[in-house]
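These notes are about the structure you will find just below.
The values are calculated or read from the model by the stated rules, or taken from the named source; none is laboratory data. Note that the coordinates shown come from a computational prediction; the quantities given were computed from them, not determined experimentally. Glycine gets a Cβ as well: all are built from the backbone with ideal geometry, and neighbour counts include every protein chain shown.
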Amino acid sequence: MGSVCYYSVASPRVGVSLSGAFLWRNMKVYIDGENCRKSLTRVLKDSGVISSARDMTSYRLRDLLSDVLETTEFEINYYSSEIRLPNGYQPSEDVMQHVTTIREYTRKWVPTLKAQNITYVKAGYLKVKPAKECRNCHVSQDVLQEKGVDVRLATDMLEDAHSGQQNTIILLSSDTDLCPALHK
C-alpha cells in the first residue's frame, strides 16, 4: 500500500465526522451495518436531518459519504446479519415483536442500499440467546446477539488490503471490535 495520511473529515450538513487513514484513491468503505445504522440514526435525528428511525429506510447513505469524503469514487460494502430462530424454539412475545420489526425494516432498507449501488453483504446471523436469570427479580429475558458480521468484515477488509485492490480503506462502525484489523 502506499504512504498513509491520517485525516479527519466532517459533514457540515449532518454533523458527522470520520477519522482515519485516507490515501484518496481506490477507496472502499466497509460498514458494520446494524451497529453503524443505529448510531447514524441517532445522530441524524439529533441534528434534525430525519424525524424518526423509519426515515432511515429511504436515507441516501452514499450521498452522506460523498459529502464527507468529497468524492463519489468509492465502493461501499454494508455488512449485516440475518435472523435465525433455533428449531423448536418458542420465543417470547417481546422477542418475536423485535424480530418482526427488524425483518420489516430490513425489507425496506436493503433495496434502498442496493439502489445506491451499495453492496449488501449477509455476513452473519442474529441468534436468540437465553439470558441468565436476574439475581434480584429472578426473571430472564432472551436477547438477540449478532454473530459473524465482524469476522467477515475484518476478513474482507484485510484480504482487500493485502491484495492491493484497495489503497484506502474506511471503516464505519460504532464499536471498537474491529480496531485490531485496522492496525494489521
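Summary of values
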| quantity | calculated |
| --- | --- |
| Counted residues, segment 126-142 - those being assigned to a strand (DSSP E or B) and without any contact (Cβ under 8 Å) to a residue 24 or more places away in the chain | 2 |
| Breaking point among (1) exposed (fewer than 14 other Cβ atoms within 10 Å of the Cβ); (2) not in a loop (DSSP other than H, G, I, E, B), for T176 | (2) |
| Subset tally (residues that are modelled with pLDDT under 90, within 29 Å of D156 (Cα to Cα) and not hydrophobic (A, V, I, L, M, F, W, C)) for segment 107-141 | 4 |
| Any hit, segment 49-59, residues being modelled with pLDDT under 90 and exposed (fewer than 13 other Cβ atoms within 10 Å of the Cβ) | yes |
| Extreme residue, modelled with the lowest pLDDT, among residues of segment 158-177 that are touching a helix residue (DSSP H, G or I) at 6+ places or on another chain (Cβ under 7 Å) and farther than 23 Å from V43 by Cβ | Q166 |
| Segment 99-125, residues that are of a type in the set (S, T, Y) and in a strand (DSSP E or B) | T119, Y120, Y125 |
| Residue among N87, N77 that alone is out of contact with any helix residue (DSSP H, G or I) (no Cβ under 6 Å at 6 or more places or on another chain) and modelled with pLDDT of 90 or more | N77 |
| Scope segment 41-64; condition in contact (Cβ under 8 Å) with a residue 40 or more places away in the chain and touching a strand residue (DSSP E or B) at 6+ places or on another chain (Cβ under 8 Å); matching residues | L61, R62, L64 |
| Leading residue by the ranking (modelled with the lowest pLDDT) among those in segment 35-48 that are buried (at least 19 other Cβ atoms within 10 Å of the Cβ) and either within 18 Å of Y78 (Cα to Cα) or hydroxyl-bearing (S, T, Y) (or both) | N35 |
| Hey, E146 of a type outside the set (K, R), touching a Ser or Thr at 6+ places or on another chain (Cβ under 8 Å), free of Cβ contacts under 8 Å to residues at least 12 places away in the same chain and not in a helix (DSSP H, G or I) or not | no |
| Single residue of segment 27-59 satisfying the filter (part of a helix (DSSP H, G or I) and among the small types (G, A, S)) that is nearest to I118 (Cα to Cα) | G33 |
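Condition check ((1) among the aromatic types (F, W, Y); (2) surrounded by 15 or more Cβ atoms within 10 Å (Cβ to Cβ); (3) over 16 Å from K122 (Cα atoms)) across all residues:
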{"residue": "D63", "(1), (2), (3)": "no, no, yes"}
{"residue": "S66", "(1), (2), (3)": "no, yes, yes"}
{"residue": "L69", "(1), (2), (3)": "no, yes, yes"}
{"residue": "T72", "(1), (2), (3)": "no, no, yes"}
{"residue": "I76", "(1), (2), (3)": "no, yes, no"}
{"residue": "S81", "(1), (2), (3)": "no, yes, no"}
{"residue": "G88", "(1), (2), (3)": "no, no, yes"}
{"residue": "D94", "(1), (2), (3)": "no, no, yes"}
{"residue": "I102", "(1), (2), (3)": "no, yes, no"}
